[in-house]
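The values are calculated or read from the model by the stated rules, or taken from the named source; none is laboratory data. Predicted, not measured: the structure shown is a model, and the values here were computed from it. Ideal geometry is used to build each Cβ from the backbone, glycine not excepted, and the neighbour counts take in all protein chains shown.
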Amino acid sequence: MVEEDLQLKHRRMAESVFLFFRATFYRWAQLWPNECPELADAPKVLSVGDLHVENFGTWRDIEGRLIWGVNDFDEAWPMAYTNDLVRLAVSAILASEEQHLRIGSKQAAEAIIEGYQEGLLAGGRAFVLGEHHVWLRKIAESALRDPVHFWKKMDSLPGTTAKIPKKALDAIESLLPDRNITCRILRRIAGIGSLGHLRVVAVGEWKGGRIAREVKALTPSACCWAAETRRSPKLQYQDIVNRAVRCIDPFVRLRGRWLVRRLSPHCSRIELEMLDEQADELRLLHSMGWETANIHLGSRKAVRDIECHLRKQAPGWLHVAAKHMTDAVAADWRTWAQSQNG
């Protein structure tokens, strides 16, 4: 753990409900089965766990094509399929309340569940941003993805004097095109859910251009902690990536407890601020629902049970559950914020 980053995480958690929600999947893992017991008892799949609207981005597949989808599986764990859908809808509601999105909560929930059901029915399909999904490709190739802008951002990262574990450095080296490349090791603060875990970036030059690799420490899903699991569980990151309907990023690898990946202008998340119109927001949430189906289809034996369970749900069930969990998270945040102010 990096104590300085952990303190920053705690300060940011007090700023807003949305940031608190992003930072505290461990609390969600405790609250979810108590607040929504019937949905928490739905058919299980290997789930993302910590799914939210800012957990999507782009990468290049083995063919060099630009791909979009879920880009963080740190909390992957077998859970009810409903967990990912409700958590995704809650994140959309909170993002809307804090002006990151402009659509209403009911619209958001409807777009997500429609995309999910269509994805299941179609047997899934990866999001290749070529001749298809042109609107999403335009967002992904916006000015913020310009290489000059990206490398300026990398150059602004501070150096680090901390001792980096040898296995972390070995993980970086394994993903370099040449083991003789000299790299600068920089400290990177990104996201909020994993703040506190060691995360560093190696930046170097190779054959006339710049390259970057990031390594971060992983821990077992917070679901283990919430369930008070005593045995040391296996990290599920590689399993969920391999099983999903997906164009895999060949530059993402799990080595022991270290996750190493390439960073580049087109290997990062899509910011909500990049969206210009409500129509784009609806399409994006629909796509997020579909991509969630892509992930859940990796648990193939559960698909029929999921479809049967979905047919039994009352109209608007996702919106109702998401609003309920939003209230629970907000109450939790108020308690946290008061404790910090006190």
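Annotations for the structure displayed:
- Applying the criterion of being small (Gly, Ala, Ser) and in a loop (DSSP other than H, G, I, E, B) to the residues of the stretch 56-103, the residue that is nearest to Arg243 (Cα to Cα) is Ala76.
- Residues in the stretch 181-217 that are outside any strand (DSSP E or B) and of a type outside the set (A, V, I, L, M) were compared, and the one that is farthest from Leu235 (Cα to Cα) is Gly208.
- Residue in the stretch 112-125 that is crowded, with 22+ Cβ neighbours inside 10 Å, out of contact with any His (no Cβ under 8 Å at 6 or more places or on another chain), among the aliphatic types (A, V, I, L, M) and farther than 24 Å from Asp327 by Cβ present: no
- Test: residue in the stretch 123-142 that is over 19 Å from Gly69 (Cβ atoms) and polar (S, T, N, Q): no
- Residue pairs whose Cβ atoms lie under 9 Å apart, separated by 6 or more positions or on different chains, with the first residue in the stretch 72-96 and over 22 Å from Gly316 (Cβ atoms) and the second among the basic types (Lys, Arg) and at pLDDT below 95, are Asp72/Arg269; Asp74/Lys216.
- Which listed residue, of Asp249, Asp239, Asp178, is outside any loop (DSSP other than H, G, I, E, B), touching a residue at least 24 places away in the same chain (Cβ under 8 Å) and of a type in the set (Asp, Glu): Asp239
- Pairs linking a residue in the stretch 41-55 that is more than 13 Å from Asn71 (Cα to Cα) and without any contact (Cβ under 8 Å) to a residue 40 or more places away in the chain to a residue that is in a strand (DSSP E or B) and of a type in the set (Gly, Ala, Ser), with Cβ atoms under 7 Å and 6 or more positions apart or on different chains, are Asp41/Ala80.
- Test: residue in the stretch 174-183 that is at pLDDT 90 or above and of a type in the set (Asp, Glu): yes
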